[in-house]
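*Asks:* Before I ask anything, here is the structure I am working with.
The values are calculated or read from the model by the stated rules, or taken from the named source; none is laboratory data. This is a predicted model, so every value here is computed, not measured. Ideal geometry is used to build each Cβ from the backbone, glycine not excepted, and the neighbour counts take in all protein chains shown. Surface accessibility is based on the protein's heavy atoms, side chains included, excluding ligands, DNA and RNA. Shrake-Rupley method; radii C 1.70, N 1.55, O 1.52, S 1.80 Å.
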Amino acid sequence: MNVLIVGSGGREHALAWKISQSDKVDKIYCAPGNAGMAQIAQCVDIKANNVAALADFAQTNNIDLTVVGPEESLVCGIADEFAQRGLRVFGPNKECAEFENSKAFTKKFLEKYDIPTAKYVEYISAEEAMENIGIFGYPAVIKADGLAAGKGVIIAENEQQAKDAIKQIMIDKRFGASGNKVVFEEFLTGTEASMLCFVDGNVIVPMESARDYKNIFDGGKGPNTGGMGSYSPNELFDDDLVRLVDIQILRPIIDGMKKESLDYKGVLFIGLMVKDGMPKVLEFNVRFGDPETQSVLMRLKTDITDIMNACIDGKLDQTEIIWDDKEAVCVVIASGGYPAEYEKGKVIYGLDKTDSAIVFHAGTKFDGDKVVTNGGRVLGVCALAYNVAEAREIAYKNAEKISFDDAYYRKDIAKK
Ligand code: AMP
Ligand code: GLY
């Protein structure tokens, strides 16, 4: 089987690594990929949102399975284009990708199917939004409806900040057309957890649980990032929570999808807020999480291509998914300055010195025979061990061996 992986981050490197372990796979291509992926796959210079060129490539190169990483590609309708050409693709169609492309779409769905979530209102007029500012009190949660590279959620502490947020989103159009609509939500407190699920249109099957670290600095301080580290399993998920999530969230989601005739195939990422053991949905993403995927896939024993093919064929209920009891940690090494401005092109040293860890590349590329930085999140140093504490120690010991100018990582990932 020939596989094409669309994307170029740590998540996609982890996917390529897992897929390369399948004895059914002959050749892996990545578009556009990164320096780490280039070591196990052939990188092709096509951008992740160039749907037509990707489909042409898949046809010409006899690709049997295409796995889509980034939400932009899914929102652009990559799955629809591939399906139309008779190509097998793992990832939801454009209609289903609305769950990530529109926060209002997801909130409406959650409300309709009685799935626990924060109360919300939506506005398409900035004037009306301004008039109703603070409707749920403060802190006020203000969200651009559409995609905003993880930056479209503003938590305003007071009226002035809320007004600024609406101005930025709806008037200044900081996130472009994503700010044509705004969503206000009730502010939820508690502990966040990420839940990645396989979905085949008929059943939804959660993967092992994970925790992500969103802020740039230790102790949850500083601005939000794409994610600075992760571990799996997340101890928050005890038997009671797993049962509640199943009854109150997973079953209504799949029933709701069927009632809405949404033929969802791929991964659904559910962001949860848990308080006093009660889960509420914060958001849906229509793809694997990054860096949750790195930790979670280290624990997957089943051939992932079997699971992906089962999702495409609606046969997930016939597929046994086996997880390693061992536990995983991923520490992200970022470029100094990220998530704001940072420099690229710094030579990375020490990649050949790591031991007992797997280093997934995110923002890297080759410059001649040197690997250099090429993004904000550069590498994810991951380890699998008998428990999170041990995995943490191995991951950090290896992170210390890697260096580049102005490298930065949090020191408290998976610290108990
Ligand atoms: P989202 O992209 O919708 O998950 O929002 C990004 C982050 O904003 C979440 O991970 C939370 O930390 C925070 N957030 C979003 N919605 C809420 C809410 N209703 N209450 C509190 N925090 C929220
Ligand atoms: N780590 C959060 C995300 O992938 O959206």
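*Asks:* Return one whole number: the accessible area per residue of the chain in Å², for a 1.4 Å probe.
*Replies:* Computed with neighbouring chains in place, this is 42 Å² per residue.
*Asks:* On a C-alpha basis, how far is the centre of the range 168-235 from the centre of the range 366-416 in Å? Whole number, if you could?
*Replies:* Each part reduced to its Cα centre gives a spacing of 22 Å.
*Asks:* Please sort by residue number the GluC sites (Glu not before Pro) in the range 112-192 whose DSSP state is loop and whose Cβ has at most 10 other Cβ atoms within 10 Å.
*Replies:* On the way: sites: 122, 127, 128, 131, 157, 159, 185, 186, 192; in loops: 157, 186.
Listed in order of number, the matching sites are 157.
*Asks:* While we're on this one: Within the range 187-210, list the residues whose amide N lies under 20 Å from a label point set 7 Å along Cα→Cβ of residue 158.
*Replies:* 187
*Asks:* If you don't mind, another one. Compute the FRET efficiency between residue 84 and residue 128 as 1/(1 + (r/R0)^6), taking r as their Cβ-Cβ distance and R0 = 56 Å, and round to the nearest 0.05. Don't skip to the answer; put the middle values down first.
*Replies:* On the way: r = 39 Å, r/R0 = 0.70.
Given R0 = 56 Å and the Cβ-Cβ separation, E is 0.90.
*Asks:* Moving on. With the contact rule set at Cα under 8 Å and sequence spacing of 6 or more, what percent relative contact order holds for the range 198-306?
*Replies:* Relative contact order of the range 198-306: 31 percent.
*Asks:* Taking amide H atoms as placed 1.01 Å from N in the peptide plane, list the residues 5 or more away in sequence, or in a different chain, whose amide H sits under 5 Å from that of residue 90.
*Replies:* Counting only residues 5 or more places away or on other chains, the set is 66, 67, 68.
*Asks:* Given a cut-off of 22 Å, name the pairs among 107/275; 221/416; 301/370; 344/370; 143/221; 151/173 whose C-alpha atoms lie farther apart than that in the structure shown. Don't skip to the end; give the middle numbers.
*Replies:* Details: 107/275 19 Å; 221/416 17 Å; 301/370 33 Å; 344/370 13 Å; 143/221 20 Å; 151/173 13 Å.
Pairs exceeding 22 Å: 301/370.
*Asks:* Taking the Cα centroid of the range 67-143 and of the range 304-340, what is the distance between the two, rounded to the nearest whole Å?
*Replies:* 22 Å
*Asks:* With both bridge residues required to lie in the chain, what share of the DSSP beta bridges run antiparallel, to the nearest 5%?
*Replies:* Counting only bridges with both partners in the chain, antiparallel ones make up about 80 percent.
*Asks:* Tell me the relative contact order for the range 28-87 as a rounded percent, counting alpha carbon contacts under 8 Å between residues six or more apart.
*Replies:* It rounds to 29 percent for the range 28-87.
*Asks:* Remind me, relative contact order of the range 291-359 in percent, using alpha carbon pairs under 8 angstrom and six or more residues apart?
*Replies:* Over the range 291-359, the number comes to 30 percent.
*Asks:* Under a Cβ-Cβ cut-off of 12 Å, what is the net charge of the residues other than residue 61 that fall near it, where Lys and Arg count +1 and Asp and Glu count -1?
*Replies:* That sum, taken over residues with Cβ under 12 Å, equals -2.
*Asks:* Of the chymotrypsin sites (Phe, Trp or Tyr not before Pro) in the range 212-276, which ones lie in a loop per DSSP and count no more than 15 other C-beta atoms within 10 Å?
*Replies:* Nothing satisfies the criteria.
*Asks:* Go through 110, 126, 96 and say which Cα lies farthest out towards the positive end of the charge dipole of the range 86-181; charges sit on Cβ, +1 for Lys and Arg, -1 for Asp and Glu.
*Replies:* Sorting the options by dipole projection puts first 96.
*Asks:* A further question on this structure: In whole Å, largest first, what are the principal axis extents of the Cα atoms in the range 269-416?
*Replies:* 47, 38, 31
*Asks:* Additional query: List the chymotrypsin sites (Phe, Trp or Tyr not before Pro) within the range 331-416 that DSSP assigns to loop and that have no more than 10 neighbouring Cβ atoms inside 10 Å.
*Replies:* On the way: sites: 342, 349, 360, 366, 386, 396, 404, 408, 409; in loops: 342, 386, 404, 409.
Here the sparse-neighbourhood loop sites are 386.
*Asks:* Given a Förster distance of 41 Å, report the FRET efficiency between residue 401 and residue 27 from their Cβ-Cβ distance, rounded to the nearest 0.05.
*Replies:* On the way: r = 31 Å, r/R0 = 0.77.
That gives a FRET efficiency of 0.85.
*Asks:* Now for a separate question. List the cysteines in the chain whose Cβ has no other cysteine Cβ under 4.7 Å from it.
*Replies:* Cys with no partner Cβ under 4.7 Å: 30, 43, 76, 96, 197, 311.
*Asks:* If Lys and Arg each add +1 and Asp and Glu each add -1, what is the summed charge of the other residues whose beta carbon sits under 15 Å from the beta carbon of residue 361?
*Replies:* With Lys, Arg at +1 and Asp, Glu at -1, the neighbours total +3.
*Asks:* In square nanometres, what is one fourth of the surface area of the convex hull spanned by the alpha carbons of the chain?
*Replies:* Reported value for the Cα convex hull: 19.2 nm².
*Asks:* Same structure, new question: To the nearest µm²/s, what D does Stokes-Einstein give for the range 154-279 at 20 °C and 1.002 mPa s, using the Kirkwood radius over alpha carbon pairs as Rh?
*Replies:* 126 µm²/s
*Asks:* Which net charge results for the neighbourhood of residue 225, defined as the other residues with beta-carbon distances under 9 angstrom from its beta-carbon, given Lys and Arg at +1 and Asp and Glu at -1?
*Replies:* Local net charge: +2.
*Asks:* For n ≥ 4 DSSP H runs only, could you compute -39500 (n - 2.57) per run for the chain, divide by its residues and tell me the 222 nm figure to the nearest 500?
*Replies:* Taking each H run of at least 4 residues, the total per residue is -7000 deg cm²/dmol.
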